[in-house]
Amino acid sequence: MEKSGLSREQRQKERFARKASQTASKYLRRLEELPGVPESAAPFFQILKDIYVDGKEVALSNNRKTIGTYCVMVPQELILAAGAMPVKLCSGSYTAFFIGDDLTPRDACPLVKAVAGYQEIGIMPLYNNCSLMTVPITCDCKKKLAGYLSKKYNVYSLQIPVAREDEDLEQYVRDLYQYTAVLEEITGNRISYDSLSLAIAQTGVFQFELSRFLQIKKQTPYIIRGTHALSIVNAAAYMMPGQWAVHMNRLNTELEKRAEEGNYITKRQLPRILITGSPLIFPNIKIPLLIEEMGGFLAADETCMGERGQSDPVVTVDQSFHGLMRSLAIRATKPCSCPTFSKNEQRLFRLKQMIKDYQIEGVIYHVLRGCLVYDFEYLAIEEMLGEIGIPVIRLETDYNEEDVEQLRVRIEAFIELIKLKKPPEKRRERT
Ligand code: SF4
Ligand code: SF4
């Protein structure tokens, strides 16, 4: 014990908590300083502040338990039907990454290193209070993470199919039944046809507001910046879907009013950029911020904590409990363009569609160091983009700020390249 009365370990935890909070606070400030923040974005930014700056627990009602998940392919409706709250635990913390770096292999991805760092230091109520952590067995990093986390937490490894054939789907449905039994045991609540139907309907309201938001986001002149949009969708990880939908409804109404009144972010034709690749999780938003700070416009993201997969509703044809379970399995896997599936041509189709819908002029391909599954798909995507004449740049990065200047230079050059490719009349509009 030191003179301060705190042990070395306690002082280290305090230092860690302070540093993590300062970093999150800095990124939140940059987010709020980016021009054009809608007033109704405040509750979303507040939840990011509560969790990452102030280290608070998620707001729980009715003594709900929280069940952590590490992937959008874990159906949150099952957790809601069991009377619990789903929270997404994939981490973007630079400070936690720094701790986790010493505990994991050099080539593990930063997302997993950051989660390991949080486990080690144990200062986040979000992690500590989870009654169960659901880890999908997708890539090697997640598989090993499940074993690592189980040293301290109650962990369930959910098998996610590697393909989307019928037999894979049937196996996934069987796995979801096993997961259902575990959720029932942990929460003490039975998942019935009625509770599951209600959870699907509640999630449907969330999805409706999200798809309304995505429609608004496609409008030109621009109504909302992509970095703000990405962070707003990130905040859904720490709210009940119904609560998020209420705030989103208010935001959508404000944005529709902005559009009616011609209150745009800017009338200038900024280069419209799409970001795709490894997950982007607050506070790791250095690339989206740089895109917009350097004069680009982040028009869309094809990432799993952003637009991907969350807006697809569950469609039920067979109105039985088994029918609901199959519908959940179909929604979780069929539209998901995650590269952990062995064959993933649909990501190419999805990207082409997004490029058309959002009038994209350039693509930034984000690779977290060690994230092989995303890196593997880069060549196919580069080739496809070459065929349709869309410039692309691959940015490999880690959870630290050492490469920010290098990223800035590359992003600035990429934005200039897009401007040069514009027809002369469009270029004049910008000046
Ligand atoms: S990248 Fe794929 S496996 Fe990882 S969390 Fe996202 S959807 Fe799940
Ligand atoms: S998909 Fe990539 S970022 Fe996600 S856990 Fe696996 S290696 Fe890490």
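Condition check ((1) touching a Lys or Arg at 6+ places or on another chain (Cβ under 7 Å); (2) surrounded by fewer than 18 Cβ atoms within 10 Å (Cβ to Cβ); (3) part of a helix (DSSP H, G or I)) across all residues:
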| site | (1), (2), (3) |
| --- | --- |
| THR134 | no, no, no |
| LYS142 | no, no, yes |
| TYR156 | no, no, no |
| PRO161 | no, no, no |
| GLU184 | yes, yes, yes |
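Can we say PRO335 is closer than 30 Å to TYR193 by Cα, modelled with pLDDT under 95, more than 16 Å from ligand 1 (Cβ to nearest atom) and surrounded by fewer than 24 Cβ atoms within 10 Å (Cβ to Cβ)? Steps first, answer last, please.
Details: closer than 30 Å to TYR193 by Cα: yes; modelled with pLDDT under 95: yes; more than 16 Å from ligand 1 (Cβ to nearest atom): no; surrounded by fewer than 24 Cβ atoms within 10 Å (Cβ to Cβ): yes.
No.
Mind checking which residues of segment 354-380 are among the aliphatic types (A, V, I, L, M), touching a residue at least 40 places away in the same chain (Cβ under 8 Å) and either part of a loop (DSSP other than H, G, I, E, B) or over 25 Å from SER211 (Cα atoms) (or both)?
Within segment 354-380, the first condition is being among the aliphatic types (A, V, I, L, M), and the residues that meet it are 354-355, 360, 363-364, 367-368, 372-373, 379-380.
Those still in the list that are touching a residue at least 40 places away in the same chain (Cβ under 8 Å) too: 354-355, 360, 363-364, 367-368, 372-373.
Correct list: ILE360, VAL367, LEU368, LEU372, VAL373.
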Has segment 68-76 got any residue that is away from ligand 1 (no atom under 16 Å from the Cβ) and either under 16 Å from GLY306 (Cα atoms) or touching a residue at least 60 places away in the same chain (Cβ under 8 Å) (or both)? no
Anything in segment 104-117 that is in contact with a Ser or Thr (Cβ under 9 Å, 6 or more places away or on another chain) and either in a strand (DSSP E or B) or away from ligand 2 (no atom under 11 Å from the Cβ) (or both)? List them, or say none. ALA116, GLY117
Tell me, yes or no, whether segment 131-148 has at least one residue that is away from ligand 1 (no atom under 16 Å from the Cβ), modelled with pLDDT of 95 or more and not basic (Lys, Arg). yes
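Here is a yes/no grid of residues against (1) at pLDDT below 95; (2) surrounded by fewer than 17 Cβ atoms within 10 Å (Cβ to Cβ); (3) farther than 30 Å from LYS356 by Cβ; (4) of a type outside the set (Gly, Ala, Ser):
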site: THR180; (1), (2), (3), (4): no, no, yes, yes
site: GLY188; (1), (2), (3), (4): no, yes, yes, no
site: ILE191; (1), (2), (3), (4): no, no, yes, yes
site: ASP194; (1), (2), (3), (4): no, yes, yes, yes
site: GLN202; (1), (2), (3), (4): yes, no, yes, yes
site: GLN207; (1), (2), (3), (4): yes, no, no, yes
site: THR220; (1), (2), (3), (4): yes, yes, no, yes
site: THR227; (1), (2), (3), (4): no, no, no, yes
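The values are calculated or read from the model by the stated rules, or taken from the named source; none is laboratory data. No experiment lies behind these values; they were computed from the predicted model shown. Because the Cβ atoms are built from the backbone with ideal geometry, glycine has one as well, and the counts that use them run over all protein chains shown.
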